[in-house]
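**Student:** I am attaching a structure below and will ask some questions about it afterwards.
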Amino acid sequence: MPADCGLRVVAADPDSHANLTAAFLDEDRLEQLWPDGEHSETVLGAVEPLLRGIGDLRTPHLELIGAHERLALLVGDLGRSGFEDDLSSQWPDCLDGKERAFRGMSAFWRIMQ
């Protein structure tokens with residue numbers, strides 16, 4: 001509705017169940033976005049350098065929805081559940097002031113920014 005009113009909208013799906021993504025996209029597009037191996041066009045692809053310890057976030061891909069030029073989706077990913085394990089172990093490191101842990105804990109906020 002906000003997009004229909006002229007606003008630019010991003011629907012973000014950082015949840016590991018990816019229900020919002022499944023509601024927006026058809027099965028054919030989901031198969032393209034979730035191939036075996038690399039998921040570069042999903043939220044998992046954006047956090048992948050953090051997971052591997054090789055860098056910070058990648059610029060997230062925004063999937064335009066239908067004919068709307070004002071509605072986009074930050075594509076969720078079922079494979080993102082592994083990042084939750086990483087986050088739970090990083091919380092104590094945040095309290096100790098470790099930068100990598102803070103980057104992990106703030107990843108989804110920073111992606112949406």
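The values are calculated or read from the model by the stated rules, or taken from the named source; none is laboratory data. Please read these numbers as outputs of a predicted model, since none were measured by experiment. Positions of Cβ are generated from backbone atoms using ideal geometry, with glycine treated the same way; all protein chains shown enter the neighbour counts.
**Student:** So, of the residues in segment 1-15 that are acidic (Asp, Glu) and under 16 Å from the mean Cα position of the chain (by Cα), which turns out to be surrounded by the fewest Cβ atoms within 10 Å (Cβ to Cβ)?
**Tutor:** Top of the filtered list is 15.
**Student:** Turning to a different aspect of this structure: Among the listed residues 64, 73, 78, identify the single one that is under 30 Å from residue 6 (Cβ atoms) and in contact (Cβ under 8 Å) with a residue 40 or more places away in the chain.
**Tutor:** Details: 64 fails: in contact (Cβ under 8 Å) with a residue 40 or more places away in the chain; 78 fails: under 30 Å from residue 6 (Cβ atoms).
Of the residues listed, the single one that is under 30 Å from residue 6 (Cβ atoms) and in contact (Cβ under 8 Å) with a residue 40 or more places away in the chain is 73.
**Student:** Please indicate, with yes or no, whether at least one residue in segment 79-87 is in contact with a Pro (Cβ under 8 Å, 6 or more places away or on another chain), of a type outside the set (Ser, Thr, Tyr), modelled with pLDDT under 90 and surrounded by 10 or more Cβ atoms within 10 Å (Cβ to Cβ). It would help to see each step written out before you state the result.
**Tutor:** Of the residues in segment 79-87, the ones in contact with a Pro (Cβ under 8 Å, 6 or more places away or on another chain) are 80.
The next check asks that each one be of a type outside the set (Ser, Thr, Tyr); those that pass are 80.
With modelled with pLDDT under 90 added as a condition, the list becomes 80.
Now drop any that are not surrounded by 10 or more Cβ atoms within 10 Å (Cβ to Cβ), which leaves 80.
Within segment 79-87 (the criterion being in contact with a Pro (Cβ under 8 Å, 6 or more places away or on another chain), of a type outside the set (Ser, Thr, Tyr), modelled with pLDDT under 90 and surrounded by 10 or more Cβ atoms within 10 Å (Cβ to Cβ)), the answer is yes, since at least one residue qualifies.
**Student:** Check whether at least one residue in segment 49-61 is crowded, with 17+ Cβ neighbours inside 10 Å, among the acidic types (Asp, Glu) and not in a helix (DSSP H, G or I), and report yes or no.
**Tutor:** Taking every residue of segment 49-61 in turn, none turns out to be crowded, with 17+ Cβ neighbours inside 10 Å, among the acidic types (Asp, Glu) and not in a helix (DSSP H, G or I).
**Student:** While we're on this one: Please specify each residue of segment 23-48 satisfying the condition of being touching a residue at least 12 places away in the same chain (Cβ under 8 Å) and either part of a loop (DSSP other than H, G, I, E, B) or surrounded by fewer than 12 Cβ atoms within 10 Å (Cβ to Cβ) (or both).
**Tutor:** Within segment 23-48, 25, 34, 39, 40, 41, 42 meet the criteria.
**Student:** Further question on the same structure: Any idea which of (1) touching a strand residue (DSSP E or B) at 6+ places or on another chain (Cβ under 9 Å); (2) surrounded by 15 or more Cβ atoms within 10 Å (Cβ to Cβ) is the one residue 18 doesn't satisfy?
**Tutor:** Failed condition: (1).
**Student:** Among the residues of segment 62-78 satisfying the criterion of being on the phi < 0 side of the Ramachandran plot and of a type in the set (Gly, Ala, Ser), which is surrounded by the most Cβ atoms within 10 Å (Cβ to Cβ)?
**Tutor:** Restricting to residues being on the phi < 0 side of the Ramachandran plot and of a type in the set (Gly, Ala, Ser), the top hit is 76.
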